[in-house]
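Here the structure comes first, spelled out in structure tokens, and everything after it is commentary.
The values are calculated or read from the model by the stated rules, or taken from the named source; none is laboratory data. Since this is a predicted model, take the numbers as computed values, not measurements. Cβ placement follows ideal geometry from the backbone for every residue including glycine, while neighbour counts extend to all protein chains displayed. We work out accessible area using only protein heavy atoms, side chains counted, and drop any ligands, DNA or RNA first. Shrake-Rupley method; radii C 1.70, N 1.55, O 1.52, S 1.80 Å.
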Amino acid sequence: MVSVIVGGHFGDEGKGKMVSYLAVKDEVDVVARAGVGPNAGHTVYHQGKEYGLRMIPCGFVNQKARLYIGAGVLVDAQRFLEEIELTDSGDRIRVDERCAIIEDKHRREDSSDNYLKEKVGTTGSGCGPANAERAHRTIKLAREIPELKPYLADVPLELNTALDKGENVLLEASQGFGLSLFYGTYPFVTSKDTTASMAAVDVGIGPTRVKEVIVIYKAYTTRVGEGPMYSLITEENIKDYPLWQEVLDEAKKQGIKGEDINDTLGKYLREWGTVTQRKRRVGAFDMELARYSSMINGATGICITCLDKIFPECSSVKEYDGLSSRVKSYVKEIEGGVGVKAVLLSTGPELDDVVDLRKN
Ligand code: GTP
Ligand code: IMP
Ligand code: MG
């Protein structure tokens, strides 16, 4: 069966961590990376090591899983080869021969073009200019790059054959719903759609084969780069959020001081980008966006991460009964607002800091 993991807010919801958990816990046979490309930064903590991955599926932590990168994903060849070394996954990773290749010219344009860099606030990874060139039909494909030869495959053929044999496939998307080129906060978006349907397209799996779509949200909302954020916490509105006043008080107690309230919260919650190191703005859980994104993604279940960051008492808790009553009601409120059951809760950055509700 196919399970798709997608982001429900603005990216950085913790997809990397949850994919690594599911890859190990569910003993999946295959993990396939979908999404835009190396603009993503997925963080995985495994056996005392931190990985910031931009190309290789985070499911690499399951040593037995075969790993794939779908044709819809832009490939930075040098970064791909470096991450193979880093994760020692050369013998089990394959990349579709039709992946488009990001070159220096794309990165240069992405970080020098005023509109992209200043107005949209891109990651500078070259993804937007590369997708534009793909639409122009002049971009180089993976099959033209000699260094990638040993890793090339027909990824849809391999994935669909695996499914025919009854194997389990985990699809790892990147970015988040609010960054979708079609459904996000245009023009402050990434260069492609970011929903579950697109993830299936990216790797060449038909919609009838997808059985499960898990939409991931952080327990609060963050956003890096430009663009609107309706639930942003500010000096003016924090009094309407008793929980956030409490978080701010705790930050101050620890001597954390930012340029303003939002910056203080960001520093306390350690919210800065994996790829760009840019600070992420912090907001309350954006319920409206979450509900809309679960609808368009066709969510079969939701996952809420980083609960421990605003409710320290649930840090590393692994059983539902071990959660405090305020965490339980917070989760219930989100389930009610979104209209979809929570199947996974994340209580820390380590792979197994998870309350898995699927067994109930
Ligand atoms: P994108 O593809 O860039 O959208 O990334 P992502 O969704 O994989 O998330 P990313 O790794 O960029 O950011 C999530 C951050 O939260 C990382 O630093 C994770 O280690 C961390 N994290 C994930 N889940 C939890 C959690 O439950 N608790 C805590 N404390 N940290 C978490
Ligand atoms: P681009 O994808 O680099 O073109 O950036 C477009 C917008 O999407 C910017 O606001 C980026 O900050 C944002 N973005 C792209 N990828 C990610 C991601 O993986 N996490 C969070 N934001 C992202
Ligand atoms: Mg990220």
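So which residues in region 317-339 are open to solvent by 50 Å² or more (accessible area, probe 1.4 Å) and in contact with a strand residue (DSSP E or B) (Cβ under 9 Å, 6 or more places away or on another chain), if there are any at all?
LYS318, GLU319, TYR320, LYS332
Scan (1) under 19 Å from TYR230 (Cβ atoms); (2) within 15 Å of ligand 1 (Cβ to nearest atom); (3) open to solvent by less than 30 Å² (accessible area, probe 1.4 Å) for the single condition ARG281 breaks and write down its number.
(3)
So that you can scan it fast, the table gives a plain yes or no per residue for (1) more than 12 Å from ligand 1 (Cβ to nearest atom); (2) at negative phi:
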{"site": "GLY8", "(1), (2)": "no, yes"}
{"site": "GLY11", "(1), (2)": "no, no"}
{"site": "ASP26", "(1), (2)": "yes, yes"}
{"site": "ASN39", "(1), (2)": "no, yes"}
{"site": "HIS42", "(1), (2)": "no, yes"}
{"site": "LEU53", "(1), (2)": "no, yes"}
{"site": "GLN63", "(1), (2)": "yes, yes"}
{"site": "GLY70", "(1), (2)": "yes, yes"}
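Answer with yes or no whether ARG92 is closer than 15 Å to GLY37 by Cα and not hydrophobic (A, V, I, L, M, F, W, C).
Values: closer than 15 Å to GLY37 by Cα: no; not hydrophobic (A, V, I, L, M, F, W, C): yes.
No, not satisfied.
Would you pick out the residues in region 144-161 that are closer than 17 Å to ASP202 by Cα and either under 26 Å from the mean Cα position of the chain (by Cα) or touching a residue at least 40 places away in the same chain (Cβ under 8 Å) (or both)?
LEU152, ALA153, ASP154, VAL155, PRO156, LEU157, GLU158, LEU159, ASN160
What is the residue count in region 301-360 for residues that are part of a helix (DSSP H, G or I) and within 16 Å of ligand 3 (Cβ to nearest atom)? Please lay out each step first, then the result.
As a first pass, look at region 301-360 and keep what is part of a helix (DSSP H, G or I): 307-310, 312-314, 320-322, 325-338, 357-359.
Cutting the leftovers down to within 16 Å of ligand 3 (Cβ to nearest atom) gives us 309.
Of the residues in region 301-360, 1 are part of a helix (DSSP H, G or I) and within 16 Å of ligand 3 (Cβ to nearest atom).
Please go through region 154-179 and pick out each residue that is open to solvent by less than 10 Å² (accessible area, probe 1.4 Å) and either away from ligand 3 (no atom under 16 Å from the Cβ) or acidic (Asp, Glu) (or both).
Selection gives VAL155, LEU159, ALA162, VAL169, LEU170, LEU171, GLU172.
Which one of these does VAL317 not meet: (1) in contact with a Ser or Thr (Cβ under 6 Å, 6 or more places away or on another chain); (2) closer than 19 Å to LEU179 by Cα?
Tallying (1) in contact with a Ser or Thr (Cβ under 6 Å, 6 or more places away or on another chain); (2) closer than 19 Å to LEU179 by Cα, VAL317 fails exactly one: (2).
Report, ordered by the first and then the second residue, all pairs with beta carbons closer than 8 Å, sequence separation of six or more or different chains, a first member in region 337-350 that is modelled with pLDDT under 95, and a second member that is among the β-branched types (Val, Ile, Thr).
Hits for this filter: PRO349/THR43.
State yes or no: is ILE216 touching a residue at least 12 places away in the same chain (Cβ under 8 Å), farther than 28 Å from VAL30 by Cα, of a type in the set (A, V, I, L, M) and open to solvent by less than 10 Å² (accessible area, probe 1.4 Å)? Please lay out each step first, then the result.
Numbers: touching a residue at least 12 places away in the same chain (Cβ under 8 Å): yes; farther than 28 Å from VAL30 by Cα: no; of a type in the set (A, V, I, L, M): yes; open to solvent by less than 10 Å² (accessible area, probe 1.4 Å): yes.
When the stated conditions are applied, ILE216 does not pass them.
When you scan region 1-117 for strands (runs of 3 or more DSSP E) that lie fully inside it, which ones turn up with 3 or more residues that are of a type outside the set (Val, Ile, Thr) and either within 16 Å of ligand 3 (Cβ to nearest atom) or farther than 28 Å from VAL354 by Cα (or both)?
Strands (runs of 3 or more DSSP E) meeting the threshold: 49-53.
Provide a single number: the residues in region 180-199 that are of a type in the set (A, V, I, L, M) and surrounded by fewer than 24 Cβ atoms within 10 Å (Cβ to Cβ).
Initial filter on region 180-199 (of a type in the set (A, V, I, L, M)): 181, 189, 196, 198-199.
Right, trim to surrounded by fewer than 24 Cβ atoms within 10 Å (Cβ to Cβ) and you get 181, 189, 198.
Number satisfying all stated conditions: 3.
Would you mind stating whether LEU170 is in contact with a strand residue (DSSP E or B) (Cβ under 8 Å, 6 or more places away or on another chain) and within 16 Å of ligand 1 (Cβ to nearest atom)?
Considered against the rule, which asks whether it is in contact with a strand residue (DSSP E or B) (Cβ under 8 Å, 6 or more places away or on another chain) and within 16 Å of ligand 1 (Cβ to nearest atom), LEU170 comes out as yes.
With (1) among the small types (Gly, Ala, Ser); (2) more than 20 Å from the chain's Cα centre (by Cα); (3) over 20 Å from THR222 (Cβ atoms) as the list, and GLY301 as the residue in question, which single condition is left unmet?
Single failed check for GLY301: (2).
Residues of region 257-282 being within 21 Å of TYR51 (Cα to Cα) and assigned to a loop (DSSP other than H, G, I, E, B), which ones?
Within region 257-282, LEU269, ARG270, GLU271, GLY273, THR274, VAL275, THR276, GLN277, ARG278, ARG280 qualify.
Residues that are hydroxyl-bearing (Ser, Thr, Tyr), at pLDDT 95 or above and open to solvent by 10 Å² or more (accessible area, probe 1.4 Å): does region 26-45 have at least one?
No, there is no match, as no residue in region 26-45 is hydroxyl-bearing (Ser, Thr, Tyr), at pLDDT 95 or above and open to solvent by 10 Å² or more (accessible area, probe 1.4 Å).
Report every pair of residues separated by at least 6 positions or lying on different chains whose Cβ atoms are under 6 Å apart, first residue within region 3-18 and modelled with pLDDT of 95 or more, second part of a strand (DSSP E or B) and among the aromatic types (Phe, Trp, Tyr).
So the pair list comes out as GLY8/TYR217; HIS9/TYR217; GLU13/TYR217.
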